[in-house]
Amino acid sequence: MKSATTVLAMAEIQALGWQARWVGELDHGLLRAPSVKLRSARCGRKGDVVYGVDLRVCRPNADQYLSTTALHSLEHVLLEGLQRHLPEHFISVGVMGCQTGFYLVFLNEGRAEVLCDVLAEIFAELLDATEVPYQHSEQCGNYRNHDLRQAQDVARRILQARARWLEAT
Ligand SMILES: [Zn+2]
């Protein structure tokens with residue numbers, strides 16, 4: 001039986017602007033941050049492609065982690081911003097339980113520069129924001145656990161590293 005999904009070929013991954021050797025799971029001791037890395041690219045039977053992208057904000061096991069508050073507020077910022085900028089492609093955002101970054105999922109948009117440009121725009125917008133998106137009790141399961149300033153400080157640090165985002169190790 002034909003498999004439901006296949007993994008995108010190395011050449012296709014390179015053409016999207018990613019280093020094929022960095023796709024998938026890497027030794028966390030080698031990872032650098034802030035960085036944006038393709039985790040997976042799965043092609044469905046009808047030709048749609050689902051991309052899993054890691055936005056790594058803190059270097060793993062380096063004694064510097066996002067606070068649960070910053071993680072939570074940035075999750076809201078990414079949810080709102082990616083839905084708005086990529087309404088046809090954005091599927092979901094999840095926090096890394098290790099508090100070092102975020103899992104992003106996209107449908108049929110896996111170009112590294114397009115995704116990085118959108119992320120840069122979202123973080124730049126956050127620097128001028130006056131509140132965290134969806135921060136009220138009707139929209140959030142822990143609405144007191146937000147801090148705009150903390151999220152902005154992290155965004156500033158991510159933006160300062162923009163030139164090296166695609167260097168995963
Ligand atoms: Zn929430």
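The values are calculated or read from the model by the stated rules, or taken from the named source; none is laboratory data. Since the structure is predicted, the reported quantities are computational estimates derived from the model, not experimental observations. Don't worry about glycine lacking a Cβ; one is built from the backbone with ideal geometry, like all the others, and counts go over all protein chains shown. With ligands, DNA and RNA removed, areas are computed over all heavy atoms of the protein, side chains included. Shrake-Rupley method; radii C 1.70, N 1.55, O 1.52, S 1.80 Å.
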Does Glu138 fit the bill of being within 12 Å of the ligand (Cβ to nearest atom), assigned to a loop (DSSP other than H, G, I, E, B), open to solvent by 40 Å² or more (accessible area, probe 1.4 Å) and of a type in the set (Asp, Glu)? yes
Being in a helix (DSSP H, G or I) and within 19 Å of Leu166 (Cβ to Cβ) narrows Leu71, Leu26, Leu82 down to just Leu82
Do we find a residue being modelled with pLDDT of 95 or more, among the aliphatic types (A, V, I, L, M) and within 16 Å of the ligand (Cβ to nearest atom) anywhere in the range 87-95? yes
Which residues, taken from the range 141-169, are within 16 Å of the ligand (Cβ to nearest atom) and over 15 Å from the mean Cα position of the chain (by Cα)? Gly141, Asn142, Tyr143, Arg144, Asn145, His146, Asp147, Leu148, Gln150
Residue pairs qualifying under the 6 Å Cβ cut-off, at least six apart or on distinct chains, with the first in the range 113-139 being under 27 Å from Tyr51 (Cα atoms) and the second being assigned to a loop (DSSP other than H, G, I, E, B) and within 16 Å of the ligand (Cβ to nearest atom), are Val132/His146; Tyr134/Cys140
Apart from one, (1) surrounded by 13 or more Cβ atoms within 10 Å (Cβ to Cβ); (2) farther than 22 Å from His72 by Cβ; (3) of a type in the set (A, V, I, L, M) all hold for Ala163; the odd one out is (1)
